[in-house]
Amino acid sequence: MRIHTWRSLFKAPKQFRQILRSNVDAHRSSGCYFSTELQPQLSANIIRIMEQRLSAIEYRAAFLHNAVNQPEASPAEYARANKELRKLGASMDLINELRAKQKEINGLKSVMVECSQDKDMVNMATEELDQALDEEKRLQNLLLKSMLPKDDADERDCILEVRAGTGGEEASLFAMDIFKMYEKYSQKKGWKFEVVDVTESDLKGYKEASAAISGADVYGKLKFESGIHRVQRVPVTEKSGRVHTSAVSVAILPQADEVDVQLRNEDLRIDTYRSGGSGGQHANTTNSAVRIIHIPTGMTVAIQDERSQHMNKAKALKVLCAKLYEIERSRIHSSRSKLRSEQIGSGDRSERIRTYNFPQGRVTDHRVGITYHAINDVMQGENLDIFIEALLLQQEMDAIASFSSSQ
């Protein structure tokens with residue numbers, strides 16, 4: 001039977017939001033972060049499909065073990081088989097652990113049948129069986145995760161870009177708040193946050209700001225932050241106390257390696273000019289600002305954050321490579337049959353994803369329907385995980401649905 005939505009995989013349509021909301025409530029009371037360790041019950045259909053794939057992996061591993069032990073195998077054949085065997089190693093470790101646990105479960109069930117008249121023995125076996133079944137589910141979830149399609153870019157560092165949208169100076173001030181929110185969040189995660197460039201407004205807000213964020217699985221964590229972030233609050237420029245609505249756009253781009261994007265000198269036009277800004281002894285005295293134009297696409301990147309022309313050029317090239325890499329990724333993804341689930345959102349920077357309502361002290365993510373009533377904590381980078389982990393969990397659940405419907 002074809003399954004079109006993740007909801008049909010689980011016990012109840014409302015389970016996903018119940019899981020999220022219960023974790024939000026737990027977070028408020030205990031200070032613990034939301035965690036994707038809470039796993040929904042997998043359907044029998046998913047387990048059946050997974051078991052078929054596990055059997056195929058076991059068969060393949062046995063074949064490869066036999067191949068590497070053949071004395072007549074050529075060095076090339078041995079190398080190929082050994083390489084594939086190493087790739088299967090982590091999965092086979094989990095499979096062997098699962099098989100051992102399933103054997104234990106069958107043994108405990110046999111004990112319960114054979115000793116049905118011995119109450120103490122049945123109670124002991126029942127307790128051990130419950131623990132073994134929980135461990136079996138944990139191993140099944142780990143194996144299922146290992147089979148789901150992965151985005152190779154998830155492990156990469158990223159470029160963060162924040163731009164003020166509708167709302168004039170208030171939008172620029174909120175862009176600064178959002179940029180600093182991600183900076184604080186990165187610091188709490190132990191990531192490196194390097195400001196690439198900032199263009200200030202008259203009130204010292206940010207018209208545009210960009211940063212390079214480095215750390216473990218940074219892009220995979222932040223990729224769903226791309227989109228329109230809307231703010232509702234009384235601007236500092238508002239005399240009558242009216243609440244205004246403004247917006248900023250956020251883009252999260254995976255950083256590209258040199259092998260991902262080949263930049264030819266003849267495709268680049270590099271201009272240098274004197275940097276503007278707030279003045280100071282180094283401002284406007286040298287041509288330290290750099291503007292790079294990628295001629296084939298017309299894409300332009302300008303950086304004037306550093307005093308050194310060389311450093312500004314390096315930053316501009318890093319941002320340009322990330323933009324070109326994302327263009328290529330988008331082209332590849334758009335040619336496939338299905339992009340990200342519409343429940344999560346496309347990750348497009350034109351999509352409204354979140355509202356920050358200061359008078360009511362709440363932040364609402366429109367993709368997963370979560371509202372968190374501690375806006376100051378969020379703006380300090382404290383509780384962004386509530387939204388980020390919820391989006392990653394839903395991505396995982398959507399991938400499980402695709403895993404089933406592809407059969």
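Taking the protein heavy atoms of region 165-250 in the context of the full set of protein chains, the accessible area attributed to carbon and sulfur is 48 percent at 1.4 Å. Counting 0.36 nm for each residue step from Lys204 to Glu136 and taking away their Cα separation leaves a gain of 18.9 nm. Ordering of 124-130, 294-300, 207-213 by packing is 207-213, 124-130, 294-300, highest average first (other Cβ atoms within 10 Å, averaged per residue). Assuming a ≥ b ≥ c are the square roots of the Cα gyration tensor eigenvalues, decide whether region 36-141 counts as rounded (a/c under 1.5), prolate (otherwise, with a/b larger than b/c) or oblate. It comes out prolate by the Cα gyration axes. Residues His244, His65, His310, ordered by accessible area of protein heavy atoms at a 1.4 angstrom probe radius and largest first, appear as His310, His65, His244. Note on Tyr78 and Ser146: the model spin-label points, each 7 Å out from Cα along the C-beta direction, lie 2.7 nm apart. With Cα atoms as the point set, region 202-243 shows a radius of gyration and Dmax of 15.8, 46 Å. For the pair Gln70 and Lys192, the difference between a 0.36 nm per residue extended length and the Cα-Cα distance amounts to 39.0 nm.
Taking packing as the residue-averaged number of other Cβ atoms within 10 angstrom, the listed peptides 89-102, 371-384, 108-121, 223-236 run from highest to lowest as 223-236, 371-384, 89-102, 108-121.
Computed with a 1.4 Å probe over protein heavy atoms only, the accessible area of Ser330 comes to about 60 Å².
The slack between Asp271 and Ser116, meaning 0.36 nm per residue of separation minus the straight C-alpha distance, is 47.3 nm.
As a size descriptor, the averaged projected area of the C-alpha convex hull of region 166-264 was calculated at 7.9 nm².
The values are calculated or read from the model by the stated rules, or taken from the named source; none is laboratory data. Being a predicted model, the structure only gives us computed values, none of them experimental. Every residue, glycine among them, receives a Cβ derived from its backbone with ideal geometry; neighbour counts consider all protein chains shown. Accessible surface is based on the protein model in full, side chains and every heavy atom, while ligands, DNA and RNA are left aside. Shrake-Rupley method; radii C 1.70, N 1.55, O 1.52, S 1.80 Å.
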